[in-house]
Amino acid sequence: MDVYIESIGKLINELTKLPGVGKKTAQRYAYTLINMPEKEVQVFVNSILNVKKKVKYCSVCGNFTEEDICQICQKRDRKIICVVKDPKDALAFEKLKDFKGVYHVLHGVINPMEGIGPNDIRIRELLARLQENEVQELILATNPDVEGDATALYIAKLIRPLHIKVTRLAYGIPIGSEIEYTDDVTLLRAFIERKVME
């Protein structure tokens with residue numbers, strides 16, 4: 001016999017689908033929602049539905065936007081492109097308020113163990129951007145782990161014939177960590193001290 005009323009059990013089950021939310025946290029969230037005034041719950045639900053309806057990928061960089069082309073691609077200097085794994089990583093750099101270029105979101109990294117190859121992420125789109133723009137520098141800002149390094153090396157090798165400066169974040173970021181969780185000071189130092197990839 002289930003210990004929860006059916007509707008609560010279903011809510012808890014749905015909440016556990018969120019990253020980092022285990023059964024106990026899901027239970028706390030469920031009881032919080034039950035105790036919230038109905039108007040607040042409706043605002044919460046509407047904001048989730050609104051995000052699902054309005055947010056899409058920028059047709060240029062692949063970052064989140066509500067328009068066809070995001071504000072960053074519309075207004076920023078396109079001579080420097082920072083290549084990141086996920087939109088969350090672009091957000092981490094935006095919080096630094098130091099980067100004035102644009103982004104290219106790969107939506108993944110090369111990972112043969114999971115069957116993800118170069119054609120499964122947005123490398124073709126990056127190459128197309130490099131052909132049509134006067135890009136002076138490509139910053140490879142994938143995570144400093146095996147998959148992130150493999151992806152960066154693969155892209156650097158592809159870009160070499162184009163004679164574009166290719167840099168990689170300095171290793172102030174601990175090996176195996178994720179950019180989105182790196183503190184601002186460490187991330188800024190890694191960004192400023194980025195190295196040219198040979």
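Couple of notes before you dig in:
- Flag for residue 96 being modelled with pLDDT of 90 or more and closer than 23 Å to residue 65 by Cβ: no
- Residue within segment 18-38 that is within 24 Å of residue 121 (Cβ to Cβ), β-branched (Val, Ile, Thr) and part of a loop (DSSP other than H, G, I, E, B) present: no
- Residue 29 passes every criterion in (1) touching a Leu at 6+ places or on another chain (Cβ under 7 Å); (2) open to solvent by less than 50 Å² (accessible area, probe 1.4 Å) apart from (2).
- Of residues in segment 1-19 being within 32 Å of the chain's Cα centre (by Cα) and open to solvent by 80 Å² or more (accessible area, probe 1.4 Å), the one nearest to residue 88 (Cα to Cα): 19
- Taking the criterion of being loosely packed, with under 13 Cβ neighbours inside 10 Å and either at pLDDT 90 or above or within 19 Å of residue 178 (Cα to Cα) (or both), the residues of segment 121-160 that qualify are 124, 128, 157.
- Scanning segment 84-120 for residues that are open to solvent by 50 Å² or more (accessible area, probe 1.4 Å), touching a helix residue (DSSP H, G or I) at 6+ places or on another chain (Cβ under 8 Å) and aliphatic (A, V, I, L, M) yields one hit, 91.
The values are calculated or read from the model by the stated rules, or taken from the named source; none is laboratory data. Computed from a predicted model, the values in this text were never measured in an experiment. Methodologically, a virtual Cβ is constructed for each residue, glycine included, from the backbone with ideal geometry; neighbour enumeration extends over all protein chains shown. Protein only, heavy atoms only, side chains kept; ligands, DNA and RNA dropped before computing areas. Shrake-Rupley method; radii C 1.70, N 1.55, O 1.52, S 1.80 Å.
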